[in-house]
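The values are calculated or read from the model by the stated rules, or taken from the named source; none is laboratory data. It should be emphasised that the depicted structure is a prediction, and the values quoted were computed from it without experimental measurement. Please note: Cβ atoms are built from the backbone with ideal geometry, for glycine as well, and neighbour counts cover all protein chains shown. These area figures cover heavy atoms from the full protein model, side chains too; ligands, DNA and RNA do not enter into them. Shrake-Rupley method; radii C 1.70, N 1.55, O 1.52, S 1.80 Å.
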Amino acid sequence: MIVINRCAGLSGRLRRYGNRRLLTTVPNTQPQETPALPKIQQEEVPVYKGKSYEDISALRKQYLTPNVTSYYKKPLLIHKGSMQWLYDHEGKRYLDMFGGIVTVSVGHCHPKVNAALKEQVDTLWHTTNIYMHPKVHEYAEKLVAKMPGDLKNVYFVNSGSEANDLAMMMARLYTGHNDIISFRNAYHGASPYTMGLTAHSTWRYSLPGVANGIHHVMNPDPYTGLWGGKNCRDSPVQTTRHCDCSAKSGQDCCASTMYYEQLEQTFKYSLPRGKVAAMFAESIQGVGGTVQYPKGYLKRAADLVRANGGLFVSDEVQSGFGRTGDHYWGFEGHGVMPDIVTMAKGIGNGFPIGAVITSRKVSEVLSQALHFNTFGGNPLASAVGMAVLDVIDEEELQKNSLEVGTYMLQGLERLRDKHDVIGDVRGKGLMIGVELVADKDTRQHLSAPHFVDIWEMCKDMGVLFGRGGLNANVLRIKPPMCINRTDADYALAVIDYCCDQHLKKRKRGSTWRRHTTLPL
């Protein structure tokens, strides 16, 4: 073991700023130097002893299927995680603002979660549900205690795709109907069954039967959609579009009404009257770029679905477990009581766990035939899941998501007003999106080469953001919920600096002219 400074993860170009003050507010003038590094204590970091970067790259190319792609022009080789930090094979440290695609909820290698897993490893790994073991029952009790109403029966699976697969089947069995609704721009999984729910052409294969009985309705997006404006979202930050809606809480939203009328048209012309199986909706769209719906829309949509014989399914794979701050579950922010809730990702902090929670009445349909999941609710997963729930409560991570997330959203709002390349900032808690644009007036998305220019600079400065939206022009900010204001300050300073540097390159023509022939 060797002791290195945790700041050593950044490039040599940044190290010389290590003793300077961290930018804690967004400056009103363009920065003249790179942001200073936050001061942090030293810790022991194990030396990477695995195969070389070149060997790993060769093995990846030879043995993994070619569709397995990585972020960045030169992909990172990560070998250690510690709470909100990741370390690559060279010992460089990165602030993880994406949480393994919204999966690391309480922190990389959280000590309490690690301890629960280690204890279970030495006790019992696996039996499946042909025998009883205590952990799955204890976990089920603990998890459903977080759910409102009659949502008190749980079936454990291993991923979000599996959870949504099962929810689709349950809805069709329970209602006796086939047709299911989801939003354009939605992502609900990539299995052959859930691929039909997912409405991104980039995630769709040309396969027969994928879209059987599935209808994609207009996405109620207040920023890039047909309707929406500065009073339409349940967010600390609103769009800059003009809006005729009242800013008062509880008042009708004009955009919500317009999108709802479009939904009614689908029911009128495309669905069998009174015979709908379900509607699926993320509380805040994840892969789609942190899109939020106009206030009041989702509740009205759920009522319409139920009036036509269907169930409302809330996909909480990314927005659950306190991430949105105001509530433990994203659907609570919409005033909706779902019939089925699906969850994964943050439920296990990186361990493969998923779940479907519904009422006893709906769950009974699975008794019509044998249904079995070999690994769902296994002792290891159950032990981890219980520890994650405990940490969220004990460390008040929902409260932290609200406070740090709101603080960061307000800082990003100032950056939006400063930089022409930032068109929109949105989200709640620590589920945040920053949409980069080529033109603020038309809201035309920033093309890939220019987005990558900013994104890569952020990585080089030690901050990792996700990438989302159909046009891949949205910075996805969904970090472990343990981040603090110092982390938020540094991330804000890095975005500020990188947007400024991108503008300077654009003015010089170093990258802008080279890519002007590419479509925007």
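Just a few scattered comments:
- When the solvent-accessible area of the chain is split by element, carbon and sulfur atoms take up 51 percent of it, the probe being 1.4 Å.
- Region 111-395 - percent relative contact order, Cα under 8 Å, separation 6 or more: 28
- Separation between Cα centres of region 188-265 and region 328-397, rounded to whole Å: 25
- Under a 5 Å amide H cut-off, with hydrogens placed 1.01 Å from N, E282 pairs with D315 among residues at least 5 apart or on other chains.
- Residue pairs exceeding 20 angstrom between C-alpha atoms, taken from K230/K505; K112/K459; K73/K459; K73/K440: K230/K505; K112/K459; K73/K440.
- Using a probe of 1.4 angstrom and keeping all protein chains present, the accessible surface of the chain works out to 44 square angstrom per residue.
- Contour excess over end-to-end distance, with Cα ends at K399 and S70 and 0.36 nm allotted per residue: 115.2 nm
- For K295, the aspartates and glutamates whose Cα comes closer than 16 Å to its Cα, not counting residues fewer than 8 places off in the same chain, are D221, D234, D244, D252, E261, E282, D303, D326, E332.
- Peptides 47-57, 176-186, 298-308 ranked from most to least packed, by the mean per-residue count of other Cβ atoms within 10 Å: 176-186, 298-308, 47-57.
- A simple packing score, the average count of other Cβ atoms within 10 Å per residue, orders the peptides 252-261, 431-440 as 431-440, 252-261, with the highest score first.
- Under the Karplus curve 6.51 cos²θ - 1.76 cosθ + 1.60, θ = phi - 60°, whole-Hz ³J(HN,Hα) for region 367-377, x wherever Gly or Pro sits: 7, 5, 7, 6, 9, 8, 10, 4, 9, x, x
- Antiparallel DSSP beta bridges within the chain, percent to nearest 5: 65
- Amide H contacts of H133 (H built 1.01 Å from N, under 5 Å, at least 5 apart or other chain): none
- Placing dummy labels 7 Å off each Cα toward the beta-carbon, the span from V452 to F375 is 3.3 nm.
- Spatially, region 310-327 and region 43-84 are offset by 32 Å when compared through their Cα centroids.
- Distance in nm between pseudo-label sites at K49 and Y269 (7 Å out along the Cβ direction from Cα): 6.6
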